[in-house]
Each structure stands twice: as C-alpha cells, then as structure tokens.
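The values are calculated or read from the model by the stated rules, or taken from the named source; none is laboratory data. Because the structure is a prediction, the values reported are computed rather than measured. Every residue, glycine as well, gets a Cβ built from its backbone with ideal geometry; the counts of neighbours run over all protein chains shown. With ligands, DNA and RNA removed, areas are computed over all heavy atoms of the protein, side chains included. Shrake-Rupley method; radii C 1.70, N 1.55, O 1.52, S 1.80 Å.
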Amino acid sequence: MALHIPKFPIGVVVIGLVLLDSGCAVMPTPLTQEEIQQRVQEDLAQLTQYQEPVARPITLFEAMARALKYNLETRVQGLKEMVTHRQLDLAHYDMLPKVVADAAYNGRSNFAGASSQSLETGQQSLVSSTSSDKNIYTANLALSWDVLDFGLSYVRAEQAANDVLIAEEDKRRIANRVIQDVRSAFWKAVGAERALGRLAFLQDWVTQALGEVHLIRERALADPLTSLQYERELLSAQREIQQLYQELSLSRIHLAELMNLDPGEPYELAVPEHPPLVSKVSEKLEDLEYRALMNRPELRKVDYQKRINAKETKAAILELLPNLNVYMGGNYDSNNFLFHNNWLNYGAKVSWNLLNVFRHPVRLQVIDAQEKVLDMQSLALTMALMSQVHVSVAQYHAAMKDAATGKRYLETQMAIADQVQRAWSLNRLSEHLVIREKMQGLVAELRYESALAKLEMAYANVLAAIGEDPFPTDITGDGVEELAVALQERWEWLERPEVLAQVHSTDARTQAPTTQSQGAEPQPLDTVGRSQEDALSQESEARLQETGALSQEPEAQLQETGVQPQKPEAQPQNTIAQSQKTTTQPQERVNP
C-alpha cells in the first residue's frame with residue numbers, strides 16, 4: 001500500500017514564516033514629542049472642564065463644596081468606587097450558566113477511507129470504504145451549569161460587595177482630609193486679606209523710617225548705638241511680618257488647588273467675621289474614643305477585610321466538594337453519510353480533584369494567618385486612633401488658648417498704640433516710636449489670624465478623629481450652591497455643643513438636622529488663666545514705661561540734628577473691629 005505524503009501549498013509556508021518573523025521583531029517605541037504635546041494639551045483642557053465658573057466671592061462652605069465636587073483627588077477616589085461597583089456587577093454574571101456557541105470547518109485533500117481486518121484469520125474482510133465527506137461543517141449550541149463554580153462565584157460576589165464598601169470608606173477618609181485642608185487654607189487666606197491693606201501703607205512708613213535712620217547714622221547726627229537699636233527693632237518686626245504674611249498668603253494658592261482652580265485664576269474671598277472663641281469640645285475623652293472606634297473609616301475598612309477573609313474560608317470548603325456539571329445542547333453536522341445531521345445531546349458529569357484534600361489544610365493555615373494579621377492590624381489601629389483622639393482634643397484646647405491669648409495680646413497692643421498715638425499728637429513722642437508700635441500691632445494681628453486658622457483646623461481634626469463626616473452623604477448630584485447650603489447646615493448642626501455630647505450614636509454620620517436647638521447656648525471657655533492675665537498686664541505696663549523712657553533720647557537727638565519728622569494730622573487709632581474688615585484694594589497712605 002503506497003504512502004501518500006500531502007503537499008502543502010508554498011503560500012501557506014511563506015505566510016507562516018512571515019508571521020513568525022514579525023512576532024520576533026517587536027521593538028520598544030518611545031513616545032514622540034507630538035504625542036507628549038497632544039497629551040499635555042488634552043490634560044490642560046480637561047483640568048477645569050465641566051466646572052461651574054467663579055462668579056462671586058467664595059465663602060467657606062462654597063470652597064468646601066468646590067473641593068468635594070472638583071478636587072482631583074476626590075474625583076479619582078470616586079472613580080475607584082465606581083470601578084468596584086462595576087466589578088460587583090461583573091461578579092453577578094459569573095453565577096449564570098454558560099451558553100457556548102461553536103462552529104467549525106474541517107477539510108482534507110482526500111477521503112478518510114478505511115478497511116477492516118479479521119482478528120481470527122488476519123485477512124481483509126471488507127473493501128476500503130469511507131463514511132465522511134472531504135469538507136465538513138459542524139456547529140453546536142451548548143448550555144452547561146457547573147454547580148461548584150456557581151457556589152464559588154456566589155462567594156466571590158459577596159467579597160466584591162465588601163470591596164465596594166471599602167471603597168466608600170476610602171472616599172470618606174479622603175473627603176475628610178480635603179475638608180481639613182480647605183478650612184485651614186481658607187482661614188489663613190482670609191487672615192492675609194484682612195491684613196493686606198494695613199500692610200501696604202505701613203510698609204511705606206517703615207521704608208521711610210529706615211531711610212531716615214540710615215541717613216542720621218551716615219551723617220553721625222545721633223548716637224550710633226541708639227539708631228542701630230531702633231533699626232534692628234524695625235527690621236525684626238518687618239521680617240516677622242513678612243514671614244507671617246507669606247505663610248498666610250501662600251494658603252491662597254493652596255486653596256485654589258484644593259478647589260481645582262487654575263493657579264493663576266483670580267478669585268475673591270468672602271471674608272467672614274471672626275468666630276466666637278467658644279469651646280465646642282467639652283465631653284469626656286472616653287466618649288470621643290468610643291465614637292472614633294465606631295465611626296472611623298480605617299477600622300471599618302479592616303472589618304470589611306475580615307468579612308472577605310471569612311468568605312475565603314467558605315471558598316476553601318467548597319473547593320473540597322466534588323463538582324457536578326449538567327449540560328445540554330443542539331448539534332449540526334454537514335456530513336452527508338450521517339443518518340441524522342441534527343441532534344440534541346444532554347448529560348451530567350461528576351468530577352473531584354482528590355489533591356484538594358491535601359491542599360486544604362495549608363489553605364486554612366494561610367487564611368488563619370491572614371485573620372491574625374487583620375486582628376493585630378485592628379488592635380494597632382485602635383490604639384493609634386485613640387491616641388489621635390487625645391492628640392486632636394489636646395491640640396484643639398491648646399489652639400483655643402493660643403487664640404484667646406492672641407486676642408488679648410492684640411487688644412493690649414492696640415491700647416498701647418493708641419496711647420502712643422495720643423502722646424505723639426501732643427509732640428511728646430517721636431514718630432519713630434509710633435511706627436514701631438504700629439508694626440507691633442500688625443504683628444499681633446497676623447499672629448491672631450494665624451491662631452484662628454489653626455483653631456479652625458484643630459476643630460476639623462477633632463471631627464475627623466472621631467469619624468464625624470462634615471459633609472452630606474451624597475456629594476455628586478447637587479450643584480455647588482446647593483452643596484454649599486447643605487454643608488453649612490451640616491456644620492451648624494455639628495458645632496452645637498450637644499452634638500458632640502451624644503454618646504454611642506451610630507447613625508450620627510447620616511443625620512444632618514437643619515434647625516438650631518433653642519435651649520442650648522454654648523458656654524464660653526475660660527480663655528486665659530489668671531497667671532496669663534497678670535503676665536499680660538505686666539507686659540503692658542513694661543511696654544508703656546519703655547515707651548516713655550525711650551521717647552526722650554531719640555526725640556532730643558533728632559532735634560539736635562535738625563531733622564524734623566513730618567507731622568501730619570493725627571488720626572484716631574483703628575479699633576480691632578475696623579482692622580478686621582476686608583481690604584481688597586490698597587488703602588491710601590495715611591498717618592500711622
């Protein structure tokens with residue numbers, strides 16, 4: 001019987017060699033400058049796309065609303081949460097049966113013939129024959145359901161549902177941090193706005209005074225030591241003013257970044273009044289610790305991870321069971337030698353991987369080790385969060401005392417400046433002393449503004465430490481104005497003393513009453529101790545005595561030199577309330 005070797009077409013061989021060569025010739029291709037430039041242009045165009053424009057001065061709550069809606073970090077976390085929801089939807093489809101459609105074509109160069117041979121005599125019993133065409137088309141549609149795969153898919157879907165909840169807790173955590181940063185940046189920027197006007201015209205007076213002192217020292221018209229000491233005081237105050245103002249003014253850029261505004265886009269701030277120095281945290285630390293352990297997203301995330309790990313135990317048990325596969329399908333075959341070209345088939349099959357019995361104990365050990373890691377992580381977070389509650393409350397009380405002391409210091413400095421102003425108007429003191437006290441007043445004001453900003457951030461840290469969400473639950477469907485109103489109502493509710501006095505409240509995060517209680521009035525905190533009041537009184541008396549003692553020698557030296565300071569009309573001393581007004585345009589130059 002001759003052996004027939006099939007002859008493959010040369011074209012098929014050539015195509016195969018070309019495909020093999022092209023698969024081995026893949027080389028790394030770096031980005032071109034055009035591609036990078038296109039990416040930069042697309043990113044810049046999408047940075048502030050679909051955002052509401054700034055049409056009015058931005059309030060604190062509008063800044064929070066813009067940060068929650070447009071901040072890129074919160075949007076990234078929102079997209080991650082959306083991905084987990086899509087993964088959960090995908091896990092639901094894994095529980096469905098499989099419906100597989102299959103079509104095939106089989107061809108050969110000759111018939112698939114065969115003959116038979118007798119087992120007894122070894123002689124050929126039948127002539128060579130065939131029962132198949134050269135070219136055959138087949139198709140089938142099969143439905144199969146794997147019981148074990150269904151059980152495992154159900155467990156994976158439950159784990160995916162917990163992943164969704166973990167993503168929501170991460171979103172809470174990031175939103176809380178963004179709110180903290182917004183409050184801190186906003187109040188610092190407001191402090192810079194309040195001091196901007198006074199800083200502008202006072203800087204001119206300081207420059208003029210430094211020039212006069214330098215001229216006197218060059219001409220040797222006065223005692224060099226006295227002029228140098230006075231110049232040192234002016235430069236020291238000027239340096240501190242510049243440092244404080246720079247710290248406060250840079251917060252404006254940071255606030256624009258949090259609201260996802262262009263770094264160079266101009267915007268105005270609605271400068272509010274100074275908040276009252278009233279303590280909002282007065283309950284026991286044990287109560288705050290309990291609320292933190294109940295509400296913090298970090299601990300809830302670990303709880304959900306424990307759920308996922310427990311589901312993994314169920315999956316390991318299911319893998320031990322035998323697998324039952326039930327199937328049914330319809331088939332078609334174009335072979336003309338078949339009696340029936342269409343038929344249905346159905347059946348069931350049981351399979352069992354016996355090696356899983358030996359793998360199961362090791363799998364349980366891994367799950368148990370992971371559970372121990374999660375338990376220890378929960379304990380570590382518990383201790384860290386309890387410490388964070390203590391630290392945040394201590395920082396809040398310290399910030400409250402600093403703000404109260406800064407306010408008292410500012411009032412004292414303003415009183416000293418007023419006394420010096422009156423003495424100067426009667427030609428009893430030199431103009432240089434007036435400028436020095438004015439600078440000290442500006443330093444005191446900037447310190448007070450910085451202390452207020454730290455106080456607001458400290459209160460936000462307390463809320464974050466105990467797990468209270470300072471924002472509505474749904475932060476995606478409302479506009480900026482509606483969200484700002486909801487945030488204001490939420491904060492007004494949170495700032496009531498009785499809110500933080502609630503203990504063991506598990507639903508406090510989702511409730512946001514909009515009305516103020518009528519019977520609860522916050523009790524003011526003892527701002528400064530008796531020792532602090534005595535120290536401030538002694539400091540005020542010392543400053544007044546120092547002013548009177550130093551006023552004689554510089555005045556006499558300036559009269560001896562013949563350089564008379566300019567004496568414009570005396571202006572009344574600005575009060576604290578006047579110094580806190582918003583000043584967006586540089587003020588006209590007036591007398592110190």
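Computed quantities for the displayed model
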read-out: Segments 304-314, 290-300 sorted - mean Cβ within 10 Å per residue, highest first; value: 290-300, 304-314
read-out: Radius 9 Å from Cβ of Glu319, net charge of other residues (Lys, Arg +1; Asp, Glu -1); value: +2
read-out: Under 9 Å, Cβ to Cβ, from Asp94 - net charge with Lys/Arg +1 and Asp/Glu -1; value: 0
read-out: Greater than 32 Å apart at Cα, pairs in Lys69/Lys98; Lys98/Lys171; Lys171/Lys284; Lys80/Lys349; Lys80/Lys314; Lys171/Lys280; value: Lys69/Lys98; Lys98/Lys171; Lys80/Lys349
read-out: Label point distance in nm, Arg239-Glu286, each placed 7 Å from Cα along Cα→Cβ; value: 5.1
read-out: Protein-only accessible surface order, largest first, of Ser236, Ser251 at 1.4 Å; value: Ser236, Ser251
read-out: Summed side-chain charge close to Thr138 - residues other than Thr138 whose Cβ falls under 11 Å, Lys, Arg +1, Asp, Glu -1; value: -2
read-out: Estimated inter-spin distance, Arg86 and Met376, nm [label 7 Å along Cα→Cβ]; value: 3.7
read-out: Mean Cβ neighbour count within 10 Å, used as a protection proxy, ranking 263-270, 385-392 highest first; value: 385-392, 263-270
read-out: Loop-located trypsin sites (Lys or Arg not before Pro) in the stretch 128-223, at most 14 other Cβ atoms within 10 Å (DSSP); value: Lys134, Arg219
read-out: Karplus-derived 3J(HN,Hα), 6.51/-1.76/1.60, for each residue of the stretch 68-75, Hz, glycine and proline x; value: 5, 8, 10, 4, 5, 5, 5, 5
read-out: Three-way shape label, the stretch 136-208, alpha-carbon gyration tensor, a/c 1.5; value: prolate
